[in-house]
Amino acid sequence: MKRLSLFLSIILLLGAVSVNAQRRGKKNVKAKKAETEEVVEDPRITIMKSAIQNIIFIDSIVVDKNDFFKHYKLSKEMGSFHSPKEFWRGANESKTLIYLNELKDKCYFANKASDGLSRLYSCDILGDDWGEPYELKGIADTAKYTNINYPYMMPDGITFYFAATGKESIGGYDIFVTRYDSEEGSFLNAENIGMPFNSTANDYLYAIDEFNNLGWFATDRRQLKDKVCIYIFIPSENRKVYNTATMSEDEVNGYATINSIAKTWYNKKAKEEALARLKRIKNENGQTSDSKVINFVINDNVTYNSEKDFKLKENVENFRRWNNLVAKHETIEKTLAITRNYYASANQKDRDELKSSIINDENELYKLEIEIRQLEKEIRNSENQATK
């Protein structure tokens with residue numbers, strides 16, 4: 001059963017207008033009016049400016065573009081980024097940045113297709129080595145995108161971010177989000193995530209660290225050649241936008257292009273707490289996930305607080321898998337709640353379209369609950385047996 005493009009639009013964007021994309025670096029078209037000249041803005045940019053996401057940006061750093069991903073301090077539970085040379089044996093230069101999932105059994109990367117344009121591919125672990133790469137279905141739409149790159153899959157295995165150039169972009173690379181339909185084995189129609197993340201420059205590698213509640217993305221707006229600026233922000237559970245109707249044009253442009261991160265600090269407490277989390281991550285750089293605090297009940301008298309507490313080595317991986325399943329369950333549960341709220345106030349046509357999505361999510365939650373309970377029971381039983 002196919003998911004609906006409408007579903008993504010509810011959560012992430014108020015709308016997008018399909019018109020020809022402006023070329024990178026091309027100035028806005030000028031139209032003469034009387035004796036003065038008026039700048040005509042790309043209609044899509046005008047729409048995006050009316051729905052700028054209200055995000056707190058806590059920090060930004062300017063780094064070299066060639067290895068900028070190394071500055072993304074994601075927790076182990078979120079997977080990791082790698083260069084081709086450190087990841088592939090006999091690395092092919094046409095392959096670019098690789099994203100490896102948290103279970104280390106699946107990776108995503110861009111590679112040049114037969115037409116010379118980059119597309120997104122994935123590989124799965126088969127035994128002790130990687131299997132043959134296969135192209136991701138539902139994303140390689142040449143009518144919308146030319147080059148596609150910078151993949152990132154959330155731990156739920158459903159929500160997927162990437163960057164692409166083409167008719168759906170307002171500049172160079174823009175960031176897009178889609179969801180994976182497991183029944184169809186394909187991704188849904190992707191949506192441009194809008195401003196302030198996208199601009200007329202290149203914007204890419206959007207990643208959310210749910211474990212630390214921090215987000216990252218890179219851009220070359222206002223940067224020298226071969227440099228990018230990485231912005232660190234607090235992800236918003238529910239999409240909030242600025243009331244641009246009450247703002248001046250300069251204020252709107254400032255929020256749309258992130259002219260000042262300090263002006264986004266409307267919640268100083270949240271900002272300081274996020275900075276503390278970021279500082280902790282930087283201090284823990286290189287620390288293994290074994291030393292992170294966990295909370296897993298083995299029996300009435302024993303609760304594990306570290307992965308080092310597990311007696312059986314295989315249960316460390318089982319626990320990580322259990323933890324990912326729990327995170328996936330929480331994500332779908334939140335998404336389902338948003339859909340149900342919209343369903344309550346939607347018209348009959350929209351309700352008919354949303355019904356299948358709701359049913360599918362409910363079935364997915366039910367299956368996950370069974371899998372979580374079974375795996376939890378297996379871990380507990382085997383650990384209790386090992387201590388006897």
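Evaluated against (1) in contact with a Ser or Thr (Cβ under 9 Å, 6 or more places away or on another chain); (2) of a type outside the set (D, E, K, R); (3) closer than 29 Å to Thr159 by Cβ, Ala270 falls short on exactly one condition, (1). Which of the residues belonging to segment 254-279 are open to solvent by 50 Å² or more (accessible area, probe 1.4 Å), of a type in the set (S, T, N, Q) and closer than 24 Å to Val63 by Cα? The answer is Asn259, and nothing else. Taking the criterion of being in contact with a helix residue (DSSP H, G or I) (Cβ under 7 Å, 6 or more places away or on another chain) and surrounded by 17 or more Cβ atoms within 10 Å (Cβ to Cβ), the residues of segment 227-253 that qualify are Val228, Ile230, Ile232, Ile234, Arg239, Tyr242, Val252. Can you tell me which residues in segment 353-388 are part of a helix (DSSP H, G or I), farther than 21 Å from Thr335 by Cα and of a type in the set (S, T, N, Q)? Those that are part of a helix (DSSP H, G or I), farther than 21 Å from Thr335 by Cα and of a type in the set (S, T, N, Q): Gln374, Asn381, Ser382, Asn384, Gln385. Residues that are in contact (Cβ under 8 Å) with a residue 60 or more places away in the chain and more than 25 Å from Ala262 (Cα to Cα) were ranked within segment 40-71; the one that is surrounded by the fewest Cβ atoms within 10 Å (Cβ to Cβ) is Asn66.
Evaluate the following for Asp300: is it more than 23 Å from Lys73 (Cβ to Cβ), among the charged types (D, E, K, R) and open to solvent by 50 Å² or more (accessible area, probe 1.4 Å)? Spell out the reasoning first.
Working: more than 23 Å from Lys73 (Cβ to Cβ): yes; among the charged types (D, E, K, R): yes; open to solvent by 50 Å² or more (accessible area, probe 1.4 Å): yes.
It is true that Asp300 is more than 23 Å from Lys73 (Cβ to Cβ), among the charged types (D, E, K, R) and open to solvent by 50 Å² or more (accessible area, probe 1.4 Å).
Yes or no: segment 94-106 includes at least one residue that is under 30 Å from Lys263 (Cα atoms) and either under 18 Å from the mean Cα position of the chain (by Cα) or open to solvent by less than 20 Å² (accessible area, probe 1.4 Å) (or both).
Looking for residues that are under 30 Å from Lys263 (Cα atoms) and either under 18 Å from the mean Cα position of the chain (by Cα) or open to solvent by less than 20 Å² (accessible area, probe 1.4 Å) (or both), one finds none in segment 94-106, hence no.
Could you tell me which residue of segment 354-370 is most open to solvent (accessible area, probe 1.4 Å), considering only residues that are charged (D, E, K, R) and under 25 Å from the mean Cα position of the chain (by Cα)? Walk me through how you get there before you give the answer.
The initial filter retains those residues of segment 354-370 that are charged (D, E, K, R), namely 355, 361-362, 364, 367, 369.
After this cut, where a residue has to be under 25 Å from the mean Cα position of the chain (by Cα) as well, the list is 361-362, 364, 367, 369.
Working: Asp361: 2, Glu362: 74, Glu364: 43, Lys367: 139, Glu369: 68 Å².
My answer is Lys367.
Taking the criterion of being open to solvent by 80 Å² or more (accessible area, probe 1.4 Å) and either touching a residue at least 60 places away in the same chain (Cβ under 8 Å) or of a type in the set (Val, Ile, Thr) (or both), the only residue of segment 371-386 that qualifies is Glu378.
Considering only segment 345-386, state which residues are more than 24 Å from Ser182 (Cβ to Cβ) and at pLDDT below 80.
Keep residues of segment 345-386 that are more than 24 Å from Ser182 (Cβ to Cβ), which gives 345-349, 377, 379-386.
Those that are more than 24 Å from Ser182 (Cβ to Cβ) and at pLDDT below 80: Ser345, Ala346, Lys349.
Only one of the numbered conditions (1) modelled with pLDDT of 70 or more; (2) in a loop (DSSP other than H, G, I, E, B); (3) open to solvent by less than 40 Å² (accessible area, probe 1.4 Å); (4) over 28 Å from Ala270 (Cβ atoms) is violated by Leu74, and that is (4). The condition of being among the hydroxyl-bearing types (Ser, Thr, Tyr), at pLDDT 90 or above and either under 24 Å from the mean Cα position of the chain (by Cα) or at positive phi (or both) holds for only one of Thr264, Thr288, Thr244, that being Thr264.
Scanning segment 198-226 for residues that are open to solvent by 10 Å² or more (accessible area, probe 1.4 Å), among the aliphatic types (A, V, I, L, M) and in a strand (DSSP E or B) yields one hit, Ile208.
The values are calculated or read from the model by the stated rules, or taken from the named source; none is laboratory data. Just so we're clear, the structure is a prediction, and the values are computed from it rather than from any experiment. Cβ sites come from the backbone with ideal geometry, for glycine too, and all protein chains shown count toward neighbours. Each accessible area value is taken on the protein alone, full model and side chains, heavy atoms only, with ligands, DNA and RNA left out. Shrake-Rupley method; radii C 1.70, N 1.55, O 1.52, S 1.80 Å.
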